[in-house]
There are 2 protein chains.
Amino acid sequence: MTYCVGLRLNSGLVFMSDTRTNAGVDNFSTTKKMFTWNVPGERTITLMTAGNLATTQALISLLEERSKTVSERNPTILEQPTMFQVARLVGATLKEVIQNSATGGQTGSSKFTASVIVGGQIAGGNPTLFLIYPEGNFIEVTDDTPFFQIGEAKYGKPILVRAYEPDMSFEDAIKLLVVSFDSTIKANLSVGLPLDLQVYETDSFAVSDQPRIETDDAYYQSISQGWGDALRTALMHLPSYKRS
Amino acid sequence: MTYCVGLRLNSGLVFMSDTRTNAGVDNFSTTKKMFTWNVPGERTITLMTAGNLATTQALISLLEERSKTVSERNPTILEQPTMFQVARLVGATLKEVIQNSATGGQTGSSKFTASVIVGGQIAGGNPTLFLIYPEGNFIEVTDDTPFFQIGEAKYGKPILVRAYEPDMSFEDAIKLLVVSFDSTIKANLSVGLPLDLQVYETDSFAVSDQPRIETDDAYYQSISQGWGDALRTALMHLPSYKRS
């Protein structure tokens, strides 16, 4: 599996994705699942993928028009006038890739499915996020549901539900995401370090930084250890159950 | 779905189960999923079920020999010499029920599946827990894996992984389970209050108490609220990410 989260904050967007891919437990590797297109001053688009690796790689290749010679490439994702149109393009491309794989005779098509989170800002519009389904349709974040998860979303959801606030700083949002990812990594072998991180500041139309949090990252280790200790302390301070 | 957890502690066993059953989101109800057989001074057996309700109810009815007239009933679960034999009996019965349903022509038999946690103590043996699969086979707790979850296990797993200790008191273990259940209930509609609770003290061969934690239970509310506050406080005190 995979675990990716996109958060919308008042000050911008934060994306985090893991890098583990696997076909069974005896065949796993590290693969980047986060892709960014940037036209300085005009648009920044970030996309994260979960699901069948052949499907998601084909999706990205088609979005980058790798079916054409290098000189003829002019990715249409850079020509869409709005983020809504970007989501439509990604959805249509994803659906096409899955259908092409599925017509080979497989009856259960679920093996080729993938989901995508795409977000960013195009000049004239606000920063936003979309969750795109394998069928090509999609939903957009709202004030009530200001984040999306794809992949192994369950382990890391409780802390997001409880601690997310739209007016968080980027630094606090990254801390929250690290906790959510660490909870998942501790409980599920199919999600693993390193983690890719992308922060987009509203109206910057620029990619600030895209650091990779490696296995031995001191910050990650301090959060992982500190969070475990903090949970045990928090639990200790709650009132004990009184048996009748 | 469902969420049930069985914990083995140094001092005994703790069982907790939710009570929500549903067939789609527009048809849900409250059903007890925890069943106890007790022969004072000789054996105490507790069983929890997750999965198709027709399957799990048939399992319990067969274990209680409701196919016979009342005077002829002599549940064999009360005659098994060891907990291992109890697990074999439950596994064989579960497999039989699922196979009986599946032979009606359904090609995907997954709809009739169920899983079971059964635990307890029979005089001469130690308290133990088994997780029984729909195929009738089963695994037993070990010192390395001293608890089992069935149903919607993912949301509530991270806190169990981090805070469980075999030498916990019953009161602290119940507190831990309430937190694990509350994390699940906050994130998934198919798990719901009230919760059933059973504590078994080693060598007591008696059912101490089996309270039901209702929706408006003051203790549950204090843990749910207190845990949310504690998580936010704990997160606040962790070091923030430093962006380069």
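What does the net charge come to around residue A:79 if you take all other residues with beta carbon closer than 15 Å to its beta carbon, with K and R at +1 and D and E at -1?
0
Just checking the output field for B:158-165: average partner chain Cβ neighbours within 10 Å of each residue's Cβ?
Taking all residues of B:158-165 together, the mean is 6.
Would you be so kind as to identify which of B:226, A:202, A:102 lies farthest towards the positive end of the dipole of the protein assembly as shown, taking Lys and Arg as +1 and Asp and Glu as -1 on Cβ and the Cα centre as origin?
A:102
What does the charge add up to near residue A:62, with Lys and Arg as +1, Asp and Glu as -1, over the other residues with Cβ less than 13 Å from its Cβ?
Once all neighbours under 13 Å are counted, the net charge is +1.
Which one, A:70, A:179, A:86, has the greatest fluctuation when you compute a Gaussian network model over chain A with C-alpha springs under 10 angstrom?
The residue that fluctuates most here is A:70.
Do you know the relative contact order of the stretch A:127-192, to the nearest whole percent, from alpha carbon pairs under 8 angstrom that are 6+ apart?
25 percent
Hey, got the dipole for the stretch A:18-117? About the Cα centre, +1 on K and R Cβ, -1 on D and E Cβ, debye to the nearest 20?
Dipole size: approximately 120 debye.
Any idea what the residue A:145 label distances to the other copies are, label 7 Å down the Cα→Cβ vector, nm, shortest first?
Copy-to-copy label distances at residue A:145, shortest first: 3.3 nm.
Given the rotation that superposes chain A on chain B, what residue of A brings its beta carbon nearest the axis, and what is the distance in Å?
Of all Cβ atoms in chain A, the one nearest the axis gives A:154, 2.
With 24 Å as the cut-off, how large is the P(r) tail for the stretch A:3-236, expressed as percent of Cα-Cα pairs? Kindly include the intermediate steps, with their values, before the conclusion.
Values: 12305 of 27261 pairs.
Beyond 24 Å sits 45 percent of the P(r) for the stretch A:3-236.
In percent, what relative contact order does the stretch B:3-237 have, based on Cα pairs under 8 Å that are 6 or more apart in sequence? Show your work: numbers first, answer last.
Details: 419 pairs, mean separation 65.3, N = 235.
Contact order relative to length: 28 percent.
Please find, in a Gaussian network model of chain A (springs between Cα atoms separated by less than 10 Å), the residue of A:50, A:23, A:234 whose mean-square fluctuation is greatest.
With Cα springs under 10 Å in chain A, the top fluctuation among A:50, A:23, A:234 is at A:234.
Given the options B:184, B:113, B:31, state which has the largest fluctuation in a GNM of chain B using a 10 Å cut-off (strictly under) for Cα springs.
B:31
For the protein assembly as shown, what is the charge dipole size about the Cα centre, in debye to the nearest 20, if Lys and Arg each add +1 at the Cβ and Asp and Glu each add -1 at the Cβ? Write down the numbers at each step before the final one.
Values: 40 positive and 52 negative charges, 154 e Å.
In debye, rounded to 20, the protein assembly as shown gives about 740.
Mind putting a number on the dipole of the stretch B:175-240 about its Cα centre? Charges go on the C-beta only, +1 for Lys and Arg and -1 for Asp and Glu, and I need it in Debye to the nearest 20.
So the dipole magnitude of the stretch B:175-240 works out to roughly 380 debye.
Would you compute, from DSSP H runs of 4+ residues alone, the mean residue ellipticity of chain A at 222 nm, taking -39500 (n - 2.57) per run and dividing by the full residue count, rounded to the nearest 500?
-10000 deg cm²/dmol
So, R0 is 30 Å and r is the distance between the beta-carbons of residue B:67 and residue B:123; what FRET efficiency does that work out to, to 0.05?
0.60
Give me the inter-chain shielding for B:182-191: mean count of other chain Cβ atoms within 10 Å, whole number please. Could the numbers behind the result be given before it?
Working: counts 2, 7, 3, 1, 4, 10, 3, 0, 0, 0.
Across B:182-191, the average partner-chain Cβ count within 10 Å equals 3.
Here, each number is a calculation from the coordinates, and none is a lab measurement. No experiment lies behind these values; they were computed from the predicted model shown. Note that we place each Cβ from the backbone using ideal geometry, even for glycine, and neighbour counts take in every protein chain shown.
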